[in-house]
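Visitor: First, the structure itself, so that you have it in front of you.
What follows is calculated from the coordinates using simple rules that are stated; it is not laboratory data. Quick caveat, the model's predicted, so the values are computed rather than measured. We place every Cβ from the backbone using ideal geometry, glycine too, and count neighbours over all the protein chains shown.
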Amino acid sequence: MPTPFTAERYASGCAIVAGGSGGLGVAICRALAEGGSNAALTYRNNRPPAEAVAEEVREFGRKALVAQADLADEAAVSEFVALAANTFGGIHTAIYAAGPYVDMRYAAQIAPEHFRKTVSTDLFGCYNFLHAALPELRKTRGAVVALSSAATGRFLKKDLLSVAPKAAVETIVKAIAAEEGRFGIRANAVGVGVIADGMYHQLRATGDFSDQTLEVIKKSLPLGRLGTAQEIADAVAFLSSDRAGFITGQTLVVDRGYVM
């Protein structure tokens with residue numbers, strides 16, 4: 001078994017995970033708990049999966065909190081952050097692992113209203129979450145990790161609705177790294193490649209990821225396979241840990257070599 005990624009600040013407080021009940025969020029919460037961190041996670045509509053994640057966290061001997069929060073609602077996000085800080089005595093890490101389902105379309109096929117709604121959901125959800133967390137992270141010299149997309153470095157056709165907000169998310173991360181480093185805060189992103197978890201199952205169900213499309217993707221990858229949620233979680237856990245104490249303002253691309 002590999003050694004879990006840990007941090008001294010995990011001894012108190014908690015990590016807050018936006019989208020902790022999603023495919024990637026589950027693996028991230030599990031990795032943090034294995035490293036010794038308590039976790040507070042959000043869900044939007046479906047509580048049972050979030051409670052299942054919380055139970056996994058508790059199985060590692062850590063504490064967990066589950067809260068409903070619409071990330072587009074600034075007040076609701078602030079209430080969640082305050083609840084997590086009060087429950088656990090502080091927040092040491094903020095992880096943005098949320099985002100809407102994104103159907104794949106050519107730019108010419110995306111109506112402006114659909115573009116606005118999809119991009120704003122992801123972009124402002126991330127900004128609201130991280131902005132609310134900053135005062136608590138200053139107290140703990142904490143860490144920020146946000147999930148982005150490998151396609152910000154090498155565009156994949158029909159992926160505009162996913163890549164446009166993630167490019168902005170990476171800019172928010174850089175802003176936090178540049179401006180909040182004086183408080184000891186580190187901020188990084190993980191560029192997620194095509195993985196066989198999370199939205200993958202929906203993309204398969206809708207036909208956006210056909211067998212032919214997946215074969216083309218696999219052949220374009222030096223490692224010749226899709227990734228897993230656990231591999232993304234390992235990258236997030238590393239950037240959250242003490243082992244990444246001299247890394248900030250970066251995007252760690254986890255994509256089997258797609259972006260070179």
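Visitor: How large is ³J(HN,Hα), in whole Hz, for each residue of region 63-72 in order, when computed from phi with the Karplus curve 6.51 cos²θ - 1.76 cosθ + 1.60 and θ = phi - 60°, using x for Gly and Pro?
Guide: After applying 6.51 cos²θ - 1.76 cosθ + 1.60, I find 9, 9, 10, 10, 9, 7, 7, 8, 5, 6 Hz.
Visitor: If you don't mind, there's one more thing I want to ask. Ratio to report: Rg/Rh of region 1-62, with Cα atoms as the point set and Rh obtained by the Kirkwood method; give two decimals.
Guide: My calculation puts Rg/Rh at 0.96.
Visitor: Next question, about the same structure. Just to be sure I understand the rule: take each whole DSSP H helix in the chain, project its Cα atoms onto its long axis, keep it if the span is 15 Å or more and its mean Kyte-Doolittle hydropathy is at least 0.5. Which ones pass?
Guide: 23-34, 74-88, 160-180, 229-240
Visitor: With θ taken as phi - 60° and the coefficients 6.51, -1.76 and 1.60, list the Karplus ³J(HN,Hα) couplings across region 184-194 in order, rounded to whole Hz; mark glycine and proline as x.
Guide: These are the phi-based 3J(HN,Hα) values: x, 7, 9, 9, 9, 10, 10, x, 8, x, 6 Hz.
Visitor: Hey, another quick one. Once you treat every alpha carbon in region 138-197 as an equal point and sum by Debye, what is log10 I(q)/I(0) at q = 0.21 Å⁻¹?
Guide: With one equal scatterer per Cα and no solvent, log10 I(q)/I(0) is -0.78.
Visitor: How large is the direction-averaged shadow of the alpha-carbon convex hull of the chain, in nm²?
Guide: Over every viewing direction, the Cα hull of the chain projects on average to 13.4 nm².
Visitor: Roughly how large, in nm² to one decimal, is the mean projection of the convex hull of the alpha-carbon atoms in region 78-203?
Guide: Working: hull surface 33.5 nm².
Averaged projected area of region 78-203's Cα convex hull equals 8.4 nm².
Visitor: Around G142, under 14 Å between beta carbons, what's the net of Lys plus Arg minus Asp minus Glu among the other residues? Don't skip to the answer; put the middle values down first.
Guide: Numbers: positive: R9, R138, K139, R141, R182, R186; negative: E8, E136, E180, D242.
That sum, taken over residues with Cβ under 14 Å, equals +2.
Visitor: How big is region 91-165 by the Kirkwood estimate over distinct Cα pairs, in Å? Present the calculation step by step, with values, prior to reporting the outcome.
Guide: Numbers: mean 1/r = 0.0732 Å⁻¹.
One over the average 1/r among Cα pairs gives 13.7 Å for region 91-165.
Visitor: Here's another thing I want to ask about it. Once the cut-off is 19 Å, how many percent of the Cα-Cα pairs in region 1-140 end up in the long-distance tail? Write out the running numbers ahead of the final one.
Guide: Working: 4892 of 9730 pairs.
The calculated P(r) of region 1-140 puts 50 percent of pairs beyond 19 Å.
Visitor: Roughly what % of Cα-Cα distances in region 132-172 sit above 17 Å, to the whole percent?
Guide: On the way: 360 of 820 pairs.
Of all Cα-Cα distances in region 132-172, 44 percent exceed 17 Å.
Visitor: Of F80, F115, F124, which has the largest mean-square fluctuation in a 10 Å C-alpha GNM of the chain?
Guide: Sorting by GNM fluctuation, first place goes to F115.
Visitor: Right, something else. Comparing A189, A233, A76, which has the greatest mean-square fluctuation in the GNM of the chain with Cα pairs linked when under 10 Å apart?
Guide: Of A189, A233, A76, the Gaussian network model singles out A76 as fluctuating most.
Visitor: Roughly how many nanometres apart are two label points built 7 Å out from the Cα toward the Cβ at F115 and A52?
Guide: About 3.7 nm separates the two model spin labels.
Visitor: Under a plain spin-label model, where a point goes 7 Å from the Cα along Cα-to-Cβ, how far apart in nm are R182 and S12?
Guide: So the label points at R182 and S12 sit 2.5 nm apart.
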